[in-house]
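To keep things clear, I will list the structure first and then write my remarks on it.
The values are calculated or read from the model by the stated rules, or taken from the named source; none is laboratory data. Note that the structure is predicted; figures quoted are calculated from it, not measured. Methodologically, a virtual Cβ is constructed for each residue, glycine included, from the backbone with ideal geometry; neighbour enumeration extends over all protein chains shown. Ligands, DNA and RNA are stripped out before the accessible areas are found, and what is left, the full protein with its side chains, is counted by its heavy atoms. Shrake-Rupley method; radii C 1.70, N 1.55, O 1.52, S 1.80 Å.
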Amino acid sequence: MEMHRTPKYVQVYNQILSMIKRSQFAPGSKLPSEEKLTNDFNVSRVTLRTALSLLKEDGVISSIHGQGHFVNFSDKQKNDQGIRTLGCPVLDSLTIPIEQISEKDAYYFKNPSSVFTDKLFEVKDISYYTLNVWYKIDNSNIANIFSILLPETIEKFGFNLDDKNQIIQFLEKDIYREVANSKLTISISSRKPDSFRRNFAENEKLVLMTEDLYATNGKVLAQNKYYIAESFFRTSLVRYQTNH
């Protein structure tokens, strides 16, 4: 009977996975350079990259172009993370723990009325605000929240727009206290990473989650767009069988 050897890239995959499970590479930590890994495992760069691509495919690691490879939180460590409950989907969809974010920044703009926002909020000739929150790891932006809302919502929550920490607190947590339900659509963004006010990592595809947040009176409280670098996006949703 002919014996088949386990391919080298599978061996490397298993070795790295084993090291991660033994916490030799902790969640959120950066893996050694590809040069060091090829030397440590005594394999070619092609073999290593095949193993790394499978680890990314399986949600074990994420990569930033020019920065390196990072260990993701496991499903168990993420406490069954997913977008099934009302809450900020960025926090529930990043592959790394929020504690590993090296920097958050926020800012706002006040804008004149537009046909789009008048229709969205069912108002007439009312100015609106746009809020931005950026999430960075090392030197790369990996996620952005872009929120559209009316001045009355700012007044209702009473937070200071000149305090970036209050903007972050509002979009990550406080706004959901007033949300009765939301409609969330997930797609691949057609925007180029360099078309934003702050750039994402070079050549990074972006996942876009667009969410209309509805207040208890049925009106739109805000529309949020969440852009996440594809290599750092992974989420789950529990689904149930329906009786027909």
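Take the Cα of LYS110, step 7 Å toward its Cβ, do the same at SER236, and the gap between the two points is 4.6 nm. The alpha carbon centroids of segment 148-224 and segment 20-62 are separated by 34 Å.
For the chain, the relative contact order is 18 percent, taking Cα pairs closer than 8 Å that sit 6 or more residues apart in sequence and dividing their mean separation by the residue count. The fraction of accessible area contributed by carbon and sulfur in segment 6-69 is 48 percent, rounded to a whole number (1.4 Å probe; ligands and nucleic acids excluded).
Expressed to the nearest 5 percent, the antiparallel share of DSSP beta bridges inside the chain is 100 percent. Extension gain for VAL179 to ARG5 (0.36 nm times residue separation, less C-alpha to C-alpha distance): 57.1 nm. Label-to-label distance, ASN199 versus ASP92, with points set 7 angstrom from Cα along the beta-carbon direction: 3.4 nm. Cross-link partners for LYS56 among the lysines, with Cα-Cα distance under 18 Å and sequence neighbours closer than 8 places in the same chain left out: LYS8, LYS21, LYS30, LYS76, LYS78, LYS205.
How high is the FRET efficiency between VAL46 and SER102 when r is their beta carbon distance and R₀ equals 41 Å, given to the nearest 0.05? Using R0 = 41 Å, I get an efficiency of 0.85.
In segment 96-230, the convex hull through the Cα atoms has an average projected area of 8.5 nm², a quarter of its surface area. Solvent-accessible area of ILE98, all protein chains in place: 60 Å² (probe radius 1.4 Å, heavy atoms, ligands and nucleic acids excluded). Given R0 = 51 Å, the distance between the Cβ atoms of ASP212 and LYS21 translates into a calculated FRET efficiency of 0.80. Once the 1.4 Å probe is applied to the protein heavy atoms, the chain comes out at 58 Å² accessible per residue. Backbone amide hydrogens, once placed in the peptide plane, bring SER29 within less than 5 Å of VAL71, excluding anything fewer than 5 places away on its chain.
Amide H to amide H, with H built 1.01 Å from N, ASN141 comes under 5 Å of ALA201, counting only residues 5 or more places away or on other chains.
Here is the P(r) of segment 6-69: all C-alpha pair distances, binned every 5 Å from 0, give 4, 18, 31, 31, 14, 2, 0 in whole percents.
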